[in-house]
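The values are calculated or read from the model by the stated rules, or taken from the named source; none is laboratory data. What you are looking at is a predicted structure, and each value in this text was computed from that prediction instead of being measured. We place every Cβ from the backbone using ideal geometry, glycine too, and count neighbours over all the protein chains shown.
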Ligand SMILES: [Zn+2]
């Protein structure tokens, strides 16, 4: 660990002296294997954008191996100690995606529409469902897997273009390649999940999914997402305006209540 910190100190000096193109660095490559032991390990990702450092998700509190792996890669590849990370984003509230938040003691902790810094709890400023975190990084509200899913969009990544870090909105490459993926069975709201998944697949060149390795978005994935080329940008054919999530959530809740026989 001492050698790793020394490496970090030397590298950090050169990092601070030059403007940085955004980088997306995997700290943990997520995976899942329901068939063997229902093992779920979430992807954990570091983003460096100018002087802003952002960690997306953390290992579960019971995953000590994951914690050590995350910290070692953060120091060696990210040239950062955990208390130097500026922002922590949790993609959604399932326990395989958080549990070591307390390591990032000086970061803004963001969960969907709220953030906590020190003892201050306040709403996060979204405009039409999008919050800007830094020059190349946005948060999109993308409910579907859960009611509070957040996708991190990183633009202008060298050799990769736009990278979307989706949490479990997209489980893995197979999930994005299969329109009838069984992962939609456990979604909070399938309609919202598919709409927001399509939005993401239509703008992203690469995806860091919740439980798999980063993959490149293929023409077939875009075809299934019903994208078409408009003015040089991939957008959904039946595009719904970006919103706060409330417009998506509210009718869906009513629909669910009707399905369950509740009275509004
Ligand atoms: Zn998960």
Out of (1) in contact with a helix residue (DSSP H, G or I) (Cβ under 8 Å, 6 or more places away or on another chain); (2) at positive phi, the one residue 57 does not meet is (1)
Which condition number in (1) crowded, with 19+ Cβ neighbours inside 10 Å; (2) within 16 Å of the ligand (Cβ to nearest atom); (3) modelled with pLDDT of 95 or more is the one that residue 40 fails?
-> (3)
Count - residues of segment 52-78 that are over 20 Å from the mean Cα position of the chain (by Cα), in contact (Cβ under 8 Å) with a residue 12 or more places away in the chain and assigned to a helix (DSSP H, G or I) | 3
For segment 28-36, state whether one or more residues are modelled with pLDDT of 95 or more and under 16 Å from residue 107 (Cα atoms).
-> no
